[in-house]
Amino acid sequence: MKNILWQHIQKVKKSVPLIHNITNYVVMNNTANALLAAGASPIMSHAQSEVEDMVKICQALVINIGTLDEYWSISMMKAAKKANELGKPWILDPVGAGATPYRNEIIAELLQLKPTIIRANASEIMALAKASNLPTKGVDSTAESTEAIEAAKSLNKEFNATVCISGETDIIIDKDQKLSLKNGDALMAKVTGLGCSASAITAAFAAIIENKFEATAAAMVLMGVCGEIAAKNSAGPGSLQLNLLDKLYNISEEEFLSHFKISE
Amino acid sequence: MKNILWQHIQKVKKSVPLIHNITNYVVMNNTANALLAAGASPIMSHAQSEVEDMVKICQALVINIGTLDEYWSISMMKAAKKANELGKPWILDPVGAGATPYRNEIIAELLQLKPTIIRANASEIMALAKASNLPTKGVDSTAESTEAIEAAKSLNKEFNATVCISGETDIIIDKDQKLSLKNGDALMAKVTGLGCSASAITAAFAAIIENKFEATAAAMVLMGVCGEIAAKNSAGPGSLQLNLLDKLYNISEEEFLSHFKISE
Amino acid sequence: MKNILWQHIQKVKKSVPLIHNITNYVVMNNTANALLAAGASPIMSHAQSEVEDMVKICQALVINIGTLDEYWSISMMKAAKKANELGKPWILDPVGAGATPYRNEIIAELLQLKPTIIRANASEIMALAKASNLPTKGVDSTAESTEAIEAAKSLNKEFNATVCISGETDIIIDKDQKLSLKNGDALMAKVTGLGCSASAITAAFAAIIENKFEATAAAMVLMGVCGEIAAKNSAGPGSLQLNLLDKLYNISEEEFLSHFKISE
C-alpha cells in the first residue's frame, strides 16, 4: 500500500489536474495554496452564470458548504449535476453539518446528487446520515466510534460514495474495505481549514486515480504525514500553516515512507 | 489587574467558547486562526436562512462591517436582534465608519441594536458618534485625543456599550471606568486585520467573562502583548502575522506579566 | 531606468496612496498585506450601494475578476465608470479570461470602459484580444511569444491601456515602448495570487506616478526582485508568501539595484 500511495502522489504532481472549488471564504486562500503545493491547479468559481462551464474544463469538483448561502447553494447543485452528467468526480465537504436546519436541508439535497467522495469529521458524518433519515445510533464524535463508522457505512451503501471520517485517526470506508490512518498531529486542529484542504487534495487525487478508495487514502496520508512533519518544526499554529505548505511541496519519498502509519 | 486578566485568559482557553463571526472577507482566515490560537472555536456564517440558528448555538457574536453589502447587512441585523433576544453578548467592529454614506447608515441601524462592546480606531469611533447625531468635536484620530474619548463616552452613555478605542494606546471606556493599554508595536499596523482579530478575541472573552470592561481589557492586552513579543522576532509584516498566531497560542504567564503595560 | 524606478518606489512609500480593490475572495488578505508592505493603504469594498463613493476617496482602483458573479460584475462597472468620470487610474486584472463565455462577456464590457493598465498572463491577454474581436494568431501562452505581444499591442492601440504580460519574463507595452523584465523565481507560480498582488501594487504606483509605463514597470520590478530574494530563503511556497511580504516591506536600495534585470 505504501508504495502504491507514493506513486499516486507522484502521478498527481506530474498530471497537474485542474480542480474546481466551490468552497468557503475562510479557506479559499489556503485551499488554493495546498492544491498548488501538492501539484494540482486550483480554480475558485461560484457564479451561477459560469459554474457549469467551469466543471467542463476541470477534472474534479469540490463542494464545501462552510459559508453557504441561498445563492451559493444553487451554484453547488448546478455544478454537482454537471459533474455527474460529465462523469467527473466530485467531493462533498459538509462543514458544520447538523449545526442548523438550513444546513441539513442543503446537505440532504446535495447527497441526493451522489457525491463521489464524502470527507468530514465524525459528528458531521453522523449528521449527514441523520439528515438523510439513515439509521444512526448516538452522538459520539470520534472517528473510531462505532456510531460514526456505522453512519459512514450507511452513507456508502445509500449513495455509493467513498466516505472518509477524519479525526485523530482517519477512517476510510468503501463497501467491504476499511483503512485506518494514524498520521497527523494535535496542533493541526488549531489551524483553520486543514480539513477543507484535505478535501480539496482528495479531489486532486480523485481526478487522476481511478480507484477512489486509494485516491482518498493517498490524499489523507499525504496531509497527515506532511502535517506531522510540519508540526514538529512549528512553535504554534501560525508556523504550522506555513510549514505544512512547504512540506506538501517538498516531501521526499524517504520522509513519506518512514512516517506512514496505516492499518487495514 | 494583571493577575485577574491572566486568569481570564486561562478561563477562555479552558472554556473554548463558540464564537459566531459575521465578518469581512479579508480577515476571515486570520480571525478564525486568532480565535483558535487564543483557545476559542470560530464559526463563520452569514446566510439569512441560518444566522439566527447559529446565534442560538454560539456564546457570542461579532459583527464586522468591513466588506458589507445589502445582503450581509440584513444578516447582521437579524443576528444582532437574535443575540439581544437571547441575552448573548455581541461585538461591533465598524470598519471604515465614516468612509461612505451607506456605511454610516448601516452603522446607525446597528447601533440602535445596542452592541455589548464596540471596538474601533479613533476616527471610526468619532464617525459612529456623528452617524448617531451625538456631539463630537473634531477629526483628530489618535486614541488619546480628547475628541475620540468624548465620542466614546457619548456612545457608552447612549447605547450602554463598553467602548474600546484602539491605536498606539488602546483606551477602554465604560461609565466612570477608563483604562489605557500601552502594549503593541508599530509593525502591527502593517498587517491587515489585526484590529478585526482583536474584536473577535474580545467576543471570546465577552462570552466567558461577566464583567465586559475586564473582558475587553483582557482581550486587548493579550493582543497587545502577543503582538509586541511577536514583532521583536519578525523581519517584517509577513513574519509578524505568523509569529502573532504562535504567540497567542503559546504565551506563558511570565511573558504576559512581564510585558503588561496598563494605566488606570 | 534603475534609479528612476527606485525613486518611484520611495515616492509610493512616502505618499501612502489609498487603493480601492474590487478583487477576488482568494487573494483579498494577501493583496491587502502586499499593499501595506509596499507602503500603500488598501480598501476592499464591493457593495453597489457604496462603490462609487469609495472610488471618490481613493486614488486608484483595481478590478480583478477572479471570483466574479452577477452582483460583483455590476459593482465593477459602476466603480470603473466613476473612476473614469473622476479621472482616476484603474487597473484590470482579467483572471481566468477565456475560461468561460460569461467571463469573456464581462471582460468585453470592462474593456469598453478603457482600463488605464491591464496586467495578465499571456493566455489571458490573448483571450482579451479575442473577446474584443481584435486580431490574434494562436494560443501560445508564454509572455515572450509573438502572439501575446501582438495581442498586447492591439489592446494598447484599441483601448489606450498600458499592457503588462506577466510570466517568466514580464513584458510591458505602451505605444512604441516595450520593456522586458527578467526578475522573479519559478517558485512564485506555486503561491496563489501573486499576480493579483502585482496588479494591486501596480495600482498603488499608478495612483502616484504620472507616467503609467514607468508606474507599471516599477511595480512589476519591485514584485519580481522581492520575490526572487524571498524565494532564495524559502523552503517552499508557504515560506515564500511570508518572506515576500517581509521583503516588500524592508527591501533596501542596494538589494533592489543589485538584483534589477531589465532590458528595453
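Do we find a residue being farther than 26 Å from C:MET44 by Cβ, more than 12 Å from every other protein chain (Cβ to nearest Cβ) and touching a helix residue (DSSP H, G or I) at 6+ places or on another chain (Cβ under 6 Å) anywhere in region B:14-37? Yes; the residues of region B:14-37 include at least one that is farther than 26 Å from C:MET44 by Cβ, more than 12 Å from every other protein chain (Cβ to nearest Cβ) and touching a helix residue (DSSP H, G or I) at 6+ places or on another chain (Cβ under 6 Å).
Restricting B:LEU86, B:LEU128 to residues that are among the hydrophobic types (A, V, I, L, M, F, W, C), surrounded by fewer than 24 Cβ atoms within 10 Å (Cβ to Cβ) and at pLDDT 95 or above narrows the list to B:LEU86. Quick one: is A:MET54 without any contact (Cβ under 8 Å) to a residue 60 or more places away in the chain and under 18 Å from the mean Cα position of the chain (by Cα)? Taking the combined requirement at face value, the residue does not satisfy it.
Looking only at residues in region A:33-51 that are without any contact (Cβ under 8 Å) to a residue 60 or more places away in the chain and of a type outside the set (A, V, I, L, M), the one that is farthest from A:CYS196 (Cα to Cα) is A:SER49.
If you go through region A:175-205 and keep only what is touching a Leu at 6+ places or on another chain (Cβ under 7 Å) and either free of Cβ contacts under 8 Å to residues at least 24 places away in the same chain or of a type in the set (S, T, N, Q) (or both), you end up with just A:THR192.
Highlighted here are the strands (runs of 3 or more DSSP E) found entirely within region B:152-264 that include at least 1 residues which are under 24 Å from B:MET28 (Cβ atoms): B:162-166, B:170-174.
In the set A:LYS88, A:LYS81, only one residue is assigned to a loop (DSSP other than H, G, I, E, B) and over 22 Å from B:TYR71 (Cβ atoms); that residue is A:LYS88.
Filtered by the rule that a residue be away from chain C (no Cβ under 14 Å) and either crowded, with 23+ Cβ neighbours inside 10 Å or under 22 Å from C:ALA230 (Cβ atoms) (or both), region B:181-205 gives B:LEU181, B:GLY184, B:ALA198, B:SER199, B:ALA200, B:ILE201, B:THR202, B:ALA203, B:ALA204, B:PHE205. Filtering region A:84-110 to residues that are touching a Cys at 6+ places or on another chain (Cβ under 9 Å) and either of a type in the set (D, E, K, R) or more than 12 Å from every other protein chain (Cβ to nearest Cβ) (or both) leaves A:LYS88, A:ASP93. Which ones in region B:206-264 are of a type in the set (Gly, Ala, Ser), away from every other protein chain (no Cβ under 14 Å) and in contact (Cβ under 8 Å) with a residue 12 or more places away in the chain? Selection gives B:ALA206, B:ALA207, B:ALA215, B:ALA217, B:ALA218, B:ALA219, B:GLY224, B:SER263.
Taken over region B:226-264, the criterion of being crowded, with 22+ Cβ neighbours inside 10 Å, touching an Asp or Glu at 6+ places or on another chain (Cβ under 7 Å) and farther than 16 Å from B:LYS190 by Cα is satisfied by no residue. Quick check, is C:ASP170 over 25 Å from A:LEU242 (Cβ atoms) and buried (at least 24 other Cβ atoms within 10 Å of the Cβ)? In short, yes. For region B:91-115, taking the residues that are in a loop (DSSP other than H, G, I, E, B), touching a helix residue (DSSP H, G or I) at 6+ places or on another chain (Cβ under 6 Å) and at negative phi, the one that is surrounded by the most Cβ atoms within 10 Å (Cβ to Cβ) is identified as B:PRO94.
Scanning region A:1-42 for residues that are of a type in the set (Lys, Arg) and at pLDDT 95 or above yields A:LYS11, A:LYS13, A:LYS14. Among the residues of region C:43-51, are any hydroxyl-bearing (Ser, Thr, Tyr), part of a strand (DSSP E or B) and modelled with pLDDT of 95 or more? The answer is no, given that none of the residues of region C:43-51 is hydroxyl-bearing (Ser, Thr, Tyr), part of a strand (DSSP E or B) and modelled with pLDDT of 95 or more. The set of residues in region C:44-71 that are within 11 Å of chain B (Cβ to nearest Cβ) and crowded, with 21+ Cβ neighbours inside 10 Å comprises C:MET44, C:SER45, C:HIS46, C:ALA47, C:GLU50, C:VAL51, C:MET54, C:VAL55, C:CYS58, C:THR67.
Does region A:230-250 hold any residues that are out of contact with any Pro (no Cβ under 7 Å at 6 or more places or on another chain) and within 14 Å of A:ILE9 (Cβ to Cβ), and which are they? The answer is A:LYS247, A:LEU248, A:ASN250. For residues that are in contact with a strand residue (DSSP E or B) (Cβ under 7 Å, 6 or more places away or on another chain) and acidic (Asp, Glu), tally how many sit in region B:231-264. Within region B:231-264, residues that are in contact with a strand residue (DSSP E or B) (Cβ under 7 Å, 6 or more places away or on another chain) and acidic (Asp, Glu) number 1.
The values are calculated or read from the model by the stated rules, or taken from the named source; none is laboratory data. Just so it is clear, the structure is predicted and the values come from calculations on it, not from any experiment. Ideal geometry is used to build each Cβ from the backbone, glycine not excepted, and the neighbour counts take in all protein chains shown.
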